[in-house]
């Protein structure tokens, strides 16, 4: 992904809208007009949109990924310090040793009080962590058609990059300790090949995240060759509009045009007939209430006989 090019386009929108609120309004307005982001699937056969609740999970996951409060160590296997396999890498953030033992005790005590109650929650994988993949005791994995991500719980004394060996090859991953005797946290032959030279790993507190692109666009049935298979028929597929079949793209374009026309008609009504706007707002509110014959159907005031 060309980050600089994308940043330039987004910066232009931000400068035009002046505020973060205006910027987000532009982004979500675009998603409403030009994608199926706001379309909720009515059943499994529906080819566009998302199952109920999935949109919120996507938004939360995207925000969490770029949370500035998370301590991240990010290195790529292409970095000169890592070598071709990404086996060793210096920490992305230098660790500071306190000069005073009293200060060390005070800080450790504070950290213990703040972090220990949360630690049990942090060691639990959430469903979004293993979306379209599977979960195990020490690790989990998730995937899209193009890429996959592994999350690994790190033992308490192995939560720093300088204490780990992280080996990422085209069809093999190994995470272990540098100290003897070696402690192997995760190791296995991948069921399919990855673009290991473009892999990225990060450490966030007690969790290691490995992100990489697949060598081929396909749904994996398992992460490691020894893992049980998952049911790929139950995978929740999200793809870019350009990657979708032409008939699906045509359906999305039709929805976009209909939405534009509806917005235009609504604006005309609001300026020309305020009383009708009030009536339509009341009808929209009553449309989906319990006991309404139209509950669950798309809002269409043309099918209602008004006296």
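Scoring residue 83 on the criteria (1) assigned by TED's automatic domain parsing to the domain that holds residue 161; (2) at pLDDT 75 or above leaves a single failure, condition (2).
Inside the range 258-276, can you point out the residues that are surrounded by 11 or more Cβ atoms within 10 Å (Cβ to Cβ) and either outside any helix (DSSP H, G or I) or out of contact with any helix residue (DSSP H, G or I) (no Cβ under 9 Å at 6 or more places or on another chain) (or both)? The answer is 262, 273.
Within the range 26-67, the set of residues being part of a helix (DSSP H, G or I) and under 12 Å from the mean Cα position of the chain (by Cα) comprises 54, 55, 56, 57, 58, 59, 60, 61, 62, 63, 64, 65. The one condition from (1) in a strand (DSSP E or B); (2) touching a residue at least 60 places away in the same chain (Cβ under 8 Å) that residue 186 does not meet is (2).
Residues that are in contact with a strand residue (DSSP E or B) (Cβ under 8 Å, 6 or more places away or on another chain), surrounded by fewer than 18 Cβ atoms within 10 Å (Cβ to Cβ) and either part of a loop (DSSP other than H, G, I, E, B) or modelled with pLDDT of 95 or more (or both) within the range 146-157 comprise 146, 155, listed in sequence order.
The values are calculated or read from the model by the stated rules, or taken from the named source; none is laboratory data. This structure is a prediction, so every number in the text was calculated from the model and none was measured. Note that each Cβ is placed from the backbone with ideal geometry, even for glycine, and that neighbours are counted across all protein chains shown.
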